[in-house]
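To keep things clear, I will list the structure first and then write my remarks on it.
The values are calculated or read from the model by the stated rules, or taken from the named source; none is laboratory data. If you're wondering where the values come from, they're calculated on a predicted model, not measured in any experiment. Every residue, glycine among them, receives a Cβ derived from its backbone with ideal geometry; neighbour counts consider all protein chains shown. Areas reflect the complete protein model, heavy atoms only, side chains present, ligands, DNA and RNA absent. Shrake-Rupley method; radii C 1.70, N 1.55, O 1.52, S 1.80 Å.
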Amino acid sequence: MMAGKQVVRVGLDDRAYEIRIGAGLLQRAGHEIAPILNRPRVAILTDENVARLHLSTLERALDDAAIAHAALTLPAGEGTKSWAQLQHVVEWLLAERVERDDMIIALGGGVIGDLTGFAAAILRRGVGFIQMPTTLLAQVDSSVGGKTGINSPQGKNLIGAFKQPALVLADIAVLGTLDARDFLAGYGEVVKYGALGDEGFFAWLEENGPALAAGDMALRAEMVRRSCEMKAGIVARDELEHGERALLNLGHTFGHALEAATGYGDRLLHGEGVAIGMALAFELSSRLGLCSQECPSRLRAHLRAMNMKCDLSDIAGDLPDADGLVALMAQDKKVQDGVPRFVLVRDIGAAFVTGDVPARAVRDLLAEALAAR
Ligand code: GLY
């Protein structure tokens with residue numbers, strides 16, 4: 001076994017799989033995946049940015065293990081999670097004669113992972129796939145747990161399927177190729193794990209966040225491991241999001257509205273929307289008397305210490321007014337009977353889901369946050 005490799009198991013009976021975490025996993029990917037292949041042949045999906053940085057490393061690693069490979073490189077960006085690219089991918093996989101017992105590799109961030117997983121779910125009624133996440137967000141969140149899909153012109157992630165990967169290989173050395181903004185956007189999802197369910201992890205992040213952002217590999221591996229352990233536990237207990245898994249949406253009800261308002265692009269990255277959304281959810285919890293006033297202050301202090309966005313004033317350009325943002329929340333996937341569901345907190349590490357939030361409290365909070373811009 002490679003020195004320093006850590007393994008987190010996602011316990012889903014006959015669909016259980018490992019998340020392997022460590023520096024240098026991409027270089028030895030062929031040997032890592034060989035035991036789970038039915039024949040020595042894989043198809044790789046990636047995007048232009050990731051291909052430039054990492055595709056040749058993966059291809060060499062597959063050659064080292066005598067695994068044949070073909071790769072399709074897609075445009076980078078959220079626009080790739082579309083019907084048109086799904087069709088392109090599925091037709092390419094069929095042309096490559098990918099069979100039911102074969103494996104497809106998703107080499108990239110959340111967009112490539114989500115699209116590949118969905119293509120794997122529908123190709124020949126289901127083929128296997130392996131996640132090789134190259135962003136922090138994908139390593140700690142989107143590559144684990146089997147949510148796959150594409151976007152509709154009517155909204156994000158509205159078309160998809162649950163399809164668990166056969167293996168996740170998270171090479172933390174590739175995080176060194178991310179720019180600071182992308183790293184911190186992924187870190188928003190890491191903070192989320194502490195904030196929703198583990199005060200001890202949150203305190204660990206307060207202590208170690210600056211050093212791991214500066215590049216400490218051992219701390220980065222520990223951060224990814226603890227995040228994956230939390231997610232794996234939640235997914236194993238509630239794979240299809242009938243209960244506890246909804247806690248992973250902390251910050252997302254506000255965050256998705258802000259992403260929709262800013263066009264799902266460079267103005268506000270998903271993880272940035274989650275960070276601002278968490279700050280708003282904590283503030284709302286405090287105003288509703290559910291947690292102390294220190295709770296939102298402590299969360300915000302950590303986000304600020306990490307130079308992360310945490311206020312509406314951190315978003316450049318115009319935003320809709322409070323009513324406009326509330327209307328965007330009503331489009332959320334989690335709406336039940338037209339009422340948005342919120343993840344609120346009783347403390348750092350003690351989140352819960354509720355549909356019982358006075359609309360007035362949400363509107364007032366947003367109106368004040370907008371006025372402070
Ligand atoms: N990203 C939230 C989930 O996987 O449930």
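Identification of helices (runs of 4 or more DSSP H) wholly contained in the stretch 287-373 with 2 or more residues that are open to solvent by 40 Å² or more (accessible area, probe 1.4 Å), under 18 Å from T262 (Cβ atoms) and touching a residue at least 24 places away in the same chain (Cβ under 8 Å) yields 322-329.
As a summary of the residue check, K192 satisfies the conditions (1) within 16 Å of the ligand (Cβ to nearest atom); (2) not in a helix (DSSP H, G or I) except for the one numbered (2). Filtered by the rule that a residue be without any contact (Cβ under 8 Å) to a residue 40 or more places away in the chain and either closer than 26 Å to Q85 by Cα or in contact with a Gly (Cβ under 7 Å, 6 or more places away or on another chain) (or both), the stretch 1-48 gives M2, K5, E48. Of the candidates R39, R20, the single residue that is part of a strand (DSSP E or B) and basic (K, R) is R20.
Counting only residues that are open to solvent by 30 Å² or more (accessible area, probe 1.4 Å) and away from the ligand (no atom under 12 Å from the Cβ), which one in the stretch 220-230 is farthest from Y193 (Cα to Cα)? The qualifying residue farthest from Y193 (Cα to Cα) is E222. Among the residues of the stretch 244-265, those identified as within 12 Å of the ligand (Cβ to nearest atom) and assigned to a helix (DSSP H, G or I) are E244, R245, A246, L247, L248, N249, H252, G255, H256. The set of residues in the stretch 154-165 that are touching a residue at least 60 places away in the same chain (Cβ under 8 Å) and within 13 Å of the ligand (Cβ to nearest atom) comprises K156, N157, F162, Q164, P165.
Scanning the stretch 166-180 turns up no residue that is under 22 Å from V50 (Cβ atoms), of a type in the set (S, T, N, Q) and within 12 Å of the ligand (Cβ to nearest atom). Of the residues making up the stretch 267-278, at least one is under 15 Å from the mean Cα position of the chain (by Cα), more than 12 Å from the ligand (Cβ to nearest atom) and open to solvent by 10 Å² or more (accessible area, probe 1.4 Å).
Quick check: anything in the stretch 231-243 open to solvent by less than 30 Å² (accessible area, probe 1.4 Å), away from the ligand (no atom under 14 Å from the Cβ) and either among the small types (G, A, S) or touching an Asp or Glu at 6+ places or on another chain (Cβ under 8 Å) (or both)?
No: the stretch 231-243 contains no residue that is open to solvent by less than 30 Å² (accessible area, probe 1.4 Å), away from the ligand (no atom under 14 Å from the Cβ) and either among the small types (G, A, S) or touching an Asp or Glu at 6+ places or on another chain (Cβ under 8 Å) (or both).
Scanning the stretch 154-173 for residues that are assigned to a helix (DSSP H, G or I), surrounded by fewer than 21 Cβ atoms within 10 Å (Cβ to Cβ) and not basic (K, R) turns up at least one hit.
Annotation: of all residues in the stretch 134-153 being away from the ligand (no atom under 13 Å from the Cβ) and either in contact (Cβ under 8 Å) with a residue 40 or more places away in the chain or not in a loop (DSSP other than H, G, I, E, B) (or both), the one that is farthest from A84 (Cα to Cα) is L136.
For the stretch 174-189, a residue qualifies if it is open to solvent by 40 Å² or more (accessible area, probe 1.4 Å), assigned to a helix (DSSP H, G or I) and of a type in the set (D, E), and exactly one does: D182.
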